[in-house]
1. Filter the stretch 210-235 down to the residues that are more than 20 Å from GLY143 (Cβ to Cβ) and open to solvent by less than 30 Å² (accessible area, probe 1.4 Å) and list them by number.
2. Taking the residues in the stretch 154-176 that are touching a Lys or Arg at 6+ places or on another chain (Cβ under 9 Å) and among the hydrophobic types (A, V, I, L, M, F, W, C) as candidates, determine which candidate is surrounded by the most Cβ atoms within 10 Å (Cβ to Cβ).
3. If you check LEU457, LEU407, which single one turns out to be among the hydrophobic types (A, V, I, L, M, F, W, C), open to solvent by less than 50 Å² (accessible area, probe 1.4 Å) and either over 25 Å from the mean Cα position of the chain (by Cα) or at pLDDT 85 or above (or both)?
4. Mind listing whichever residues of the stretch 410-437 are closer than 30 Å to LEU112 by Cβ, open to solvent by less than 30 Å² (accessible area, probe 1.4 Å) and assigned to a loop (DSSP other than H, G, I, E, B)?
5. Could you grab me the full set of residues in the stretch 90-118 that are under 20 Å from GLY435 (Cβ atoms) and in contact (Cβ under 8 Å) with a residue 40 or more places away in the chain?
6. Which residues, counting only those in the stretch 119-153, are open to solvent by 10 Å² or more (accessible area, probe 1.4 Å) and part of a strand (DSSP E or B)?
7. Need pairs with beta-carbon distance below 8 Å; first residue under 24 Å from ALA40 (Cα atoms) and within the stretch 64-88, second open to solvent by 50 Å² or more (accessible area, probe 1.4 Å) and part of a helix (DSSP H, G or I); sequence gap 6+ or separate chains.
8. Residue under question is MET95, and the condition is that it be open to solvent by 80 Å² or more (accessible area, probe 1.4 Å) and hydrophobic (A, V, I, L, M, F, W, C); does it hold?
Amino acid sequence: MLIYNTLTRQKELFKPLHPGRVGMYVCGPTVYGDAHLGHARPAITFDLLFRYLQHQGYKVRYVRNITDVGHLEHDADEGEDKIAKKARLEQLEPMEVAQYYTRRFNQAMDQLGVLPPSIEPHATGHIIEQIELVKEIIDNGYGYESNGSVYFDVEKYDQDLRQKGGRGYGILSGRTLENIKDASRELDGVGEKRRQADFALWKHAQPEHIMRWPSPWGDGFPGWHCECTAMGRKYLGEEFDIHGGGMDLMFPHHECEIAQAVAAQGHPMVHYWMHNNMITIEGKKMGKSYNNFITLSQFFDGSHDKLERPYAPMVIRFFILQAHYRSTVDFSNEALQASEKGLERLREAWKALSRLQDGQKVKGQPQVEQAWVDELQQKCQEAMDDDLNSPIVISHLFEACKTINTLQDRKASITPEVADSLLQVFRTWAVDILGLQLEAAAGSQEREQAFGGAVDLLLQMRAKAKEAKDWATSDQIRDQLAQLGFEVKDTKDGATWKL
């Protein structure tokens, strides 16, 4: 399996540190507002990876954190904690805010078919581990205290690594310390940091600050970057396989994580860095900071003014999977409606395939062979092994839909054994790995059966009308069904229908 490692800017053969086991850490949400489409993309991307690794037989420990403290406004080292600000504005305890939006996030993920991670640690539950991390960094000479806060000495770290022949600060993002200095030159000397490039490891809490913990440097709270380094190390060890997240986290968050790990333990923590690209809206990154985001609940109920109508959670999932995770996806109603049609195409094929489990033999027609099913399986696997190429997997499934339609139209034949094999392959890739829900939910399944039974009854009445040469009634039933959105096909074995 090849995966694109952001650290090396190339696809690499995936070799886990421990045979048969994979450690994976993905940055989760900062829980001060409802999840939007931008949150759905990393969740679905790394759910796809989680599912595929398990399909390959790996035992995966998947850690996805909840940031409930330390993430300041504008991703900076100054300003107000995002959760504390929300709590102040709504006159709530910060943990009320965090708990409410964590629950909402997990409900949305469940609707999107995202499997829960193995461990979902909260930053507030790991203050001790973060304090210990800061102590190690200070002891190794890369952290300094200033007015009750602790900062990371980026320039010293960068110089020491380069003197040893390594790549310094910027190894992941490609930025150099000079770039960062130039970008912030007008702010030099401002505040309590030695240099503007330095980032907070621990922040002193002002008297009015609600979220605070005792530390060797006084009451305060951890810097945003500390939590992932501390929790990743706690649950996955000093070295682990994969760290994932959105491309917008590459700098400064993930760059700072690398620096913290090396400064604390003397060597990198992560072997493969994976980043999904952004979702844009009208060409601009979708996000809370741009005030152009659409929440997932708004997608599901159609309440946002940019939405023509509601879209089901599986349509959103399919929309995201139709693009490669490293490509940009631009939101539009047209794109979502195309995804809706594509998903329905897979569902119709799944229904038809389910009806073919007993196989069928049609005299004089070409037969679908096991070799064709094996080739479908191989093509899907090759696509996923090539850096999780989900759009290519979907294209192969669409090709399979054509064959399934010929079987449904009695233009080809298949044996029971091959039909069962095709059903298994379709389920593996569409349901188990892509995570698409192709069958109706328990309650709606009963409604769908009743609904289908009613249509079948009408078609039986039409068949009797045709036998009696009552063409007017036959045509009336067909035409009225068409007006309601049903496509009726007459075959030599009887009429078939679909929406």
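The values are calculated or read from the model by the stated rules, or taken from the named source; none is laboratory data. Being a predicted model, the structure only gives us computed values, none of them experimental. Counting neighbours? That spans all protein chains shown, and the Cβs are built from the backbone with ideal geometry, glycine included. Note: areas computed on protein heavy atoms with side chains; ligands, DNA, RNA excluded. Shrake-Rupley method; radii C 1.70, N 1.55, O 1.52, S 1.80 Å.
1. The answer is MET211, and nothing else.
2. Among those residues, the one meeting the criterion is VAL154.
3. LEU407
4. LEU434, GLY435, LEU436
5. Keep residues of the stretch 90-118 that are under 20 Å from GLY435 (Cβ atoms), which gives 105-118.
Correct list: PHE105, ALA108, MET109, GLN111, LEU112, GLY113, VAL114, LEU115, PRO117, SER118.
6. Those that are open to solvent by 10 Å² or more (accessible area, probe 1.4 Å) and part of a strand (DSSP E or B): ILE119, HIS122, GLY143, TYR144, GLU145, SER146.
7. Filtered contacts from the stretch 64-88: ASP68/MET95; GLU73/LYS85; HIS74/SER289.
8. yes
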